[in-house]
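The values are calculated or read from the model by the stated rules, or taken from the named source; none is laboratory data. Here the structure is a predicted model, which is why all the values come from computation and not from measurement. All Cβ positions, glycine included, derive from the backbone under ideal geometry; neighbour counts span all protein chains shown.
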Amino acid sequence: MPVEAPSAEKLIDMYTRMWRIRLFEEQAEYQSSQGKVLGALHTYIGEEAVGVGVCAHLHDTDYITSTHRGHGHCIAKGADIQRMMAELFGRSTGYCKGKGGSMHIADFKVGMLGANGIVAGGFGLATGAGLAAQLRGSGQVAVCFFGDGAANRGPFHENINIGAVWKLPVVYVCENNGYAQWTAQKDVTLVTDISTMASAYGIPGVQVDGMDALAVYEAAGEAIEQARCGAGPTLVECKTYRFHGHNFGDPQQYRTREEIAEWMENNDSIKRLGAYLKDQGILTEAQDEALQKQVADDILEAVRFAESSPYPTPDELHKDVYSYDIA
Amino acid sequence: MPKISMRDAIHDALHEEMARDETIYILGEDVIAHGGPYAITRGIAEKFPGRIRQTPISEAGIVGTAVGSALCGMRPVAEIMYVDFITCAMDEVVNQMAKVRYMFGGQTDVPVVLRLPSGSARLIAAQHSQSLEAWFTHVPGLQVAVPSTAYDAKGLMKSALRGKDPVMFIEYKRLYTDEGEVPEEEYTIPFGQADVKRQGRDATIVATGPMVGKALEAAQTLSQEGIEVEVVDPRTLVPLDKATIFASVEKTNRVIVTDEEVRRGGSSAELASLIAEECFDALDAPVKRVAAADVPMPFSPELEKLVLPKAEDLVAAVRALVS
């Protein structure tokens with residue numbers, strides 16, 4: 001079933017979200033360099049088209065699971081950047097009251113079941129979310145975002161098999177950025193097209209240019225529609241690239257400057273979508289500038305919100321371990 | 001009051017709660033084909049079609065899927081065929097299930113019940129006979145229930161299925177066929193409420209699981225010698241009813257803690273530490289542990305019988321304590 005092309009309004013929304021991710025991450029890196037964003041920081045810069053292209057099909061009632069590189073998924077799914085930034089600052093107004101940090105941002109109100117510090121940690125959660133939807137007959141779907149590194153962990157196998165055999169409404173979306181932390185995928189995996197692994201589970205595997213937001217939108221749309229109508233999971237592999245290394249501060253000795261520059265200059269998904277929108281007459285230069293300025297202002301406002309928020313108080317330490325206070 | 005087995009008590013609790021709450025469902029290996037190896041889930045598929053899922057042999061998948069569904073409004077009861085196999089799903093238990101409430105700032109409940117057939121039975125050696133309670137009590141976020149009777153098993157299971165937090169439900173396989181009085185009318189047993197199984201004045205035995213029965217047997221023997229032992233069963237290790245345990249120690253001034261876990265780092269070690277810290281002034285003798293040998297479970301019956309503590313061991317320990 002062909003996926004309907006996105007409306008001009010939808011395209012502008014996607015483009016705005018991609019900029020929101022890019023500028024949020026750049027700001028997070030800056031605040032990290034200033035010692036204000038604390039702890040580990042894994043940015044989604046370069047991979048924006050994947051999260052946005054997929055989540056463009058989802059409702060708040062649909063579910064996603066994420067990875068350690070989760071900010072982009074949060075923003076794509078509609079999370080509030082003020083509460084996200086506050087979480088990165090370790091403040092009580094953050095999504096997790098300052099108990100989670102970058103690797104654990106979740107927003108259950110929009111179906112974002114959490115970033116996850118365990119590689120492949122999202123497979124079980126997404127598969128279970130799909131099972132909940134199937135048991136209820138609710139028509140909800142779940143999307144599991146994961147990296148190429150996660151395809152080498154056991155939960156990839158166990159959960160995709162479960163999702164396949166029960167025809168669960170789950171879409172497994174691989175963000176193949178070519179590196180598992182600091183190790184090139186080709187050094188640890190003979191089969192570099194993760195999409196081909198789908199055949200081992202009897203489900204469709206699709207490969208798409210993850211730097212092309214429209215291509216991601218189309219591939220994800222079909223997979224999500226299939227899942228929603230009861231046809232079971234699809235494994236969608238998006239070939240993408242992380243522009244800024246595994247974590248903020250990564251010296252990136254495992255790849256060349258030329259390789260990075262090639263992707264950033266010639267294959268930036270935001271530039272590509274922006275050029276398309278202008279070519280189609282959907283967006284003017286002036287509108288583009290205004291849009292980016294608005295996003296930048298929103299992010300500065302998020303920083304102000306975070307900075308002016310209080311740290312959690314000591315009485316928070318023992319709360320939320322259980323639903324009740326435990327002696 | 002009718003007498004039923006612990007197996008039937010757990011079976012009945014599942015049936016009653018599934019009838020009451022349509023978000024409860026069951027998943028696990030062979031749970032339809034055989035009702036699981038101990039036939040606990042027999043009849044569920046017929047009575048509640050569509051609410052029981054027979055899974056591949058994929059413990060990480062089972063627990064991960066259970067947790068994911070719990071985050072989305074369901075109440076899964078996952079059977080892990082033997083507690084030994086939970087080792088294949090420890091990431092899902094420790095890093096996901098136990099932590100999601102806290103690390104997401106309390107955004108979600110995590111109402112998962114993992115049924116964990118535990119302990120030795122039928123000579124199945126090192127990888128099918130373990131008692132891993134202490135692994136779970138060590139992880140903040142998990143609750144650990146260890147029923148010792150049919151009555152407790154049913155009441156605790158019903159509470160587990162009405163709570164908001166994950167439960168590691170330890171089912172001692174050797175106790176499945178033990179019969180006990182279970183009322184026909186509705187009841188629940190709250191977590192964190194110990195049960196004094198026998199009153200006594202001379203020494204306290206804090207016992208869990210199969211050691212409760214052995215403690216009662218030892219108390220019977222010692223009573224004939226004029227030594228009156230109090231037997232306290234915590235029933236849940238997390239949350240723990242410290243007040244009842246400490247009150248008993250204050251009364252008897254001598255205490256033995258016992259379980260079937262290997263002794264080193266076991267639950268008895270934690271209980272002994274707590275009592276030593278909190279009740280030091282009440283103690284007339286050091287806290288004594290009676291637990292399993294620090295070995296993998298051997299196969300040969302001549303060796304297996306040396307591993308687990310017996311009623312006689314408790315009798316000897318109490319005699320030494322009160323002399």
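Annotations
- Residue match in the range B:90-113 (condition: more than 26 Å from B:K164 (Cβ to Cβ) and either in contact with a Leu (Cβ under 9 Å, 6 or more places away or on another chain) or facing chain A (nearest Cβ under 9 Å) (or both)): no
- Which listed residue, of A:V295, A:V321, is in contact (Cβ under 8 Å) with a residue 24 or more places away in the chain and not small (G, A, S): A:V295
- Any hit, the range A:66-79, residues being over 14 Å from B:G68 (Cα atoms), within 8 Å of chain B (Cβ to nearest Cβ) and of a type in the set (A, V, I, L, M): no
- Top-ranked residue in the range A:122-142 [being touching a residue at least 24 places away in the same chain (Cβ under 8 Å) and of a type in the set (A, V, I, L, M, F, W, C); ranked as farthest from the other protein chains (Cβ to nearest Cβ)]: A:V141
- For the range A:97-114, residues that are in a loop (DSSP other than H, G, I, E, B) and either over 17 Å from A:H42 (Cα atoms) or facing another protein chain (nearest Cβ under 8 Å) (or both) total 8.
- Checklist (1) of a type outside the set (F, W, Y); (2) facing chain B (nearest Cβ under 8 Å); (3) farther than 13 Å from A:V173 by Cβ applied to A:H42, failing item: (2)
- All positions within the range A:143-171 that are crowded, with 24+ Cβ neighbours inside 10 Å and either free of Cβ contacts under 8 Å to residues at least 12 places away in the same chain or within 8 Å of another protein chain (Cβ to nearest Cβ) (or both): A:P155, A:E158, A:N159, A:I162
- Members of the range B:99-129 that are among the polar types (S, T, N, Q), surrounded by fewer than 24 Cβ atoms within 10 Å (Cβ to Cβ) and touching a residue at least 12 places away in the same chain (Cβ under 8 Å): B:T108, B:S120, B:Q127
- The set of residues in the range A:50-74 being more than 19 Å from A:D212 (Cβ to Cβ) and part of a helix (DSSP H, G or I) consists of A:H71, A:C74.
- Flag if A:G117 is facing chain B (nearest Cβ under 8 Å), crowded, with 19+ Cβ neighbours inside 10 Å and under 17 Å from B:E92 (Cα atoms): yes
- Among the candidates A:E25, A:E29, A:E48, A:E4, residue that is at pLDDT 95 or above and surrounded by fewer than 20 Cβ atoms within 10 Å (Cβ to Cβ): A:E29
- Filtering the range B:21-34 for residues that are within 26 Å of B:T149 (Cβ to Cβ), in a loop (DSSP other than H, G, I, E, B), out of contact with any Cys (no Cβ under 6 Å at 6 or more places or on another chain) and among the acidic types (D, E) leaves a non-empty set.
- A:G94 being within 9 Å of chain B (Cβ to nearest Cβ), surrounded by fewer than 24 Cβ atoms within 10 Å (Cβ to Cβ) and touching a residue at least 60 places away in the same chain (Cβ under 8 Å): no
- Output for the range A:307-327, where each listed residue is away from chain B (no Cβ under 13 Å) and either part of a loop (DSSP other than H, G, I, E, B) or over 28 Å from A:Y30 (Cβ atoms) (or both): A:S309, A:P310, A:Y311, A:T313, A:P314, A:D315
- Answer from A:K186, A:K239 - the residue that is basic (K, R) and buried (at least 18 other Cβ atoms within 10 Å of the Cβ): A:K239
- Total residues in the range A:270-279, condition surrounded by 15 or more Cβ atoms within 10 Å (Cβ to Cβ) and within 22 Å of the chain's Cα centre (by Cα): 4
- Only one of the numbered conditions (1) part of a loop (DSSP other than H, G, I, E, B); (2) over 15 Å from the mean Cα position of the chain (by Cα) is violated by B:K197, and that is (1).
- Helices (runs of 4 or more DSSP H) completely within the range B:229-319 that count 2 or more residues being at pLDDT 95 or above and within 21 Å of B:D195 (Cα to Cα): B:242-252, B:267-278
- Per this entry, B:V63 is counted among residues that are under 19 Å from the mean Cα position of the chain (by Cα), within 14 Å of chain A (Cβ to nearest Cβ) and aliphatic (A, V, I, L, M).
- Tabulated pairs, the range B:41-61, first in the same structural domain as B:I26 (by TED's automatic domain parsing), second part of a helix (DSSP H, G or I) and acidic (D, E), C-beta under 6 angstrom, 6+ apart or interchain: B:S58/A:E158; B:A60/A:E158; B:A60/B:E92; B:G61/A:E158
- Against the criterion of being buried (at least 24 other Cβ atoms within 10 Å of the Cβ) and within 28 Å of B:E261 (Cα to Cα), B:I57 does not qualify.
- Matching option when the condition is farther than 28 Å from A:G121 by Cβ and buried (at least 23 other Cβ atoms within 10 Å of the Cβ), among B:I44, B:I40, B:I32: B:I40
- Residue in the range A:280-288 that is within 22 Å of the chain's Cα centre (by Cα), more than 30 Å from A:M197 (Cα to Cα), assigned to a loop (DSSP other than H, G, I, E, B) and not aliphatic (A, V, I, L, M) present: no
- B:G43 being within 23 Å of the chain's Cα centre (by Cα), more than 10 Å from chain A (Cβ to nearest Cβ) and at positive phi: no
- Taken over the range B:10-30, the criterion of being of a type in the set (V, I, T) and away from chain A (no Cβ under 14 Å) is satisfied by B:I10 alone.
- Subset of the range B:68-85 (residues that are part of a helix (DSSP H, G or I) and surrounded by fewer than 24 Cβ atoms within 10 Å (Cβ to Cβ)): B:D84, B:F85
- For B:T65, the criteria (1) surrounded by fewer than 24 Cβ atoms within 10 Å (Cβ to Cβ); (2) at pLDDT 95 or above hold in every case but one, which is (1).
- Exclusive hit being under 29 Å from B:V167 (Cβ atoms), touching a residue at least 60 places away in the same chain (Cβ under 8 Å) and of a type outside the set (V, I, T), set B:D294, B:D259, B:D241: B:D259
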